[in-house]
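Working notes, beginning with the structure itself.
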Amino acid sequence: MFEKTGYFLGFVFLLLSLFALDNCRPKGDNDVMPMDSTALSSCILLNEKINGVLLRAYEYDTTRKLTYMTEYSGSSQLNKIVKRYTFEYNNSNRLTVIRETNLAERDKSFIYELDYNSKSQVKTIRPFRVYNSGTRAEDTLSLVYGTNDRVAELTSLRGVTSKWEYDTANNVKKWLIRTPLMKSDSLLAEYGSSDDKVNIYSFSQGMQLINLLTGRAHSRRNPIKYTSLGQSVEASYQYNEKRVPTLAVLKIKSSDNLLRETVYAYELNCK
């Protein structure tokens, strides 16, 4: 269920120009931990596979904090590493830097520096593009939180704004976007229902932030039915004893009624 990641602005403009997105991946968020213990788990994610092919692999330190994530092309013909992510923490175990190394495209590597507010919520994300000659500041992304302490807006200095609306259970209902050329918000995704289990990305703030950069703010649960860019998705899950998904089967129907099925498998390590 998971979109290939990348810098927020590049994703947004590509999204709007092509109006095409592989919607078969769930959503992710920021650093606020849910109060409901039923939305938490002692499981960490070791890897993800798409239709039996490795898509992502995760590494951790001795305290089970995420330190590395490797992303693959997910191709059954020739599965290549496309990106590597490194997650850096300060002495207080606060995530401060995410490094994205793009092995598939030149000059598409980034460093994301994180700043926090007084409530220990990420308030800004500062992307720097990495060149052979050094780094260059690309933008500043500002986060606004709603009354439920969930990310309500992500705004770029260049005028691109993503907005999210939530239901009473803190699951995303809508994702909207506006660019400087638009007079009103445009609805990109709408979520109809969710399960009552643990979100597959509850294990890591870092992965929630990476997902946020591609429009997928964190929901408390896993989505069951949603629509996005002319496609409708129905998901069914298998869970372990900790109520975390181990398998997700997505049935995706496009606007021309073409139906395809994608299977995601998750290897977990649970205490």
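The values are calculated or read from the model by the stated rules, or taken from the named source; none is laboratory data. Everything numeric here is computed off the predicted structure, so don't read it as measured data. Neighbour counts are summed over all protein chains in view; Cβ atoms, including those assigned to glycine, are modelled from backbone coordinates with ideal geometry.
Mind checking which pairs have a first residue in region 247-271 that is in a loop (DSSP other than H, G, I, E, B) and a second that is of a type in the set (S, T, N, Q), Cβ under 8 Å, 6 or more apart or different chains?
Close Cβ pairs (under 8 Å, with a partner that is of a type in the set (S, T, N, Q)) amount to SER254/GLN231; SER255/GLN231; LYS271/SER42.
May I ask you to list the residues in region 106-136 that are surrounded by 11 or more Cβ atoms within 10 Å (Cβ to Cβ) and over 20 Å from ARG84 (Cα atoms)?
Answer for region 106-136, where residues must be surrounded by 11 or more Cβ atoms within 10 Å (Cβ to Cβ) and over 20 Å from ARG84 (Cα atoms): ASP115, TYR116, ASN117, SER120, GLN121, VAL122, LYS123, THR124.
For region 190-222, what are the residues that are within 19 Å of TYR237 (Cβ to Cβ), part of a loop (DSSP other than H, G, I, E, B) and not hydroxyl-bearing (Ser, Thr, Tyr)?
Answer for region 190-222, where residues must be within 19 Å of TYR237 (Cβ to Cβ), part of a loop (DSSP other than H, G, I, E, B) and not hydroxyl-bearing (Ser, Thr, Tyr): ASP195, ASP196, LYS197, VAL198, ASN199, ILE200, PHE203, ARG216, HIS218, ARG220, ARG221, ASN222.
Can you tell me which of (1) surrounded by 14 or more Cβ atoms within 10 Å (Cβ to Cβ); (2) closer than 25 Å to PHE128 by Cβ is the one CYS43 doesn't meet?
Here CYS43 meets the rest and fails (2).
If you go through region 240-254, how many residues are surrounded by fewer than 16 Cβ atoms within 10 Å (Cβ to Cβ) and in contact with a Leu (Cβ under 9 Å, 6 or more places away or on another chain)?
3
Quick one: would you say LYS173 is under 16 Å from the mean Cα position of the chain (by Cα) and basic (Lys, Arg)?
Numbers: under 16 Å from the mean Cα position of the chain (by Cα): yes; basic (Lys, Arg): yes.
When the stated conditions are applied, LYS173 passes them.
For the structure I just gave you, tell me whether LYS80 is modelled with pLDDT of 95 or more, surrounded by fewer than 18 Cβ atoms within 10 Å (Cβ to Cβ) and more than 16 Å from ILE210 (Cα to Cα).
Against the criterion (modelled with pLDDT of 95 or more, surrounded by fewer than 18 Cβ atoms within 10 Å (Cβ to Cβ) and more than 16 Å from ILE210 (Cα to Cα)), LYS80 qualifies.
Quick check on this structure: which one of GLY215, GLY206 is of a type in the set (Gly, Ala, Ser) and at pLDDT below 95?
Just one listed residue meets the conditions, GLY215.
Run down GLN231, GLN208 and say which single residue is surrounded by fewer than 23 Cβ atoms within 10 Å (Cβ to Cβ) and touching a residue at least 60 places away in the same chain (Cβ under 8 Å). Show your work before the answer.
Working: GLN208 fails: surrounded by fewer than 23 Cβ atoms within 10 Å (Cβ to Cβ).
Result of the check over GLN231, GLN208: GLN231.
Return only the number of the condition from (1) touching a strand residue (DSSP E or B) at 6+ places or on another chain (Cβ under 9 Å); (2) surrounded by fewer than 16 Cβ atoms within 10 Å (Cβ to Cβ) that ASN93 does not satisfy.
(1)
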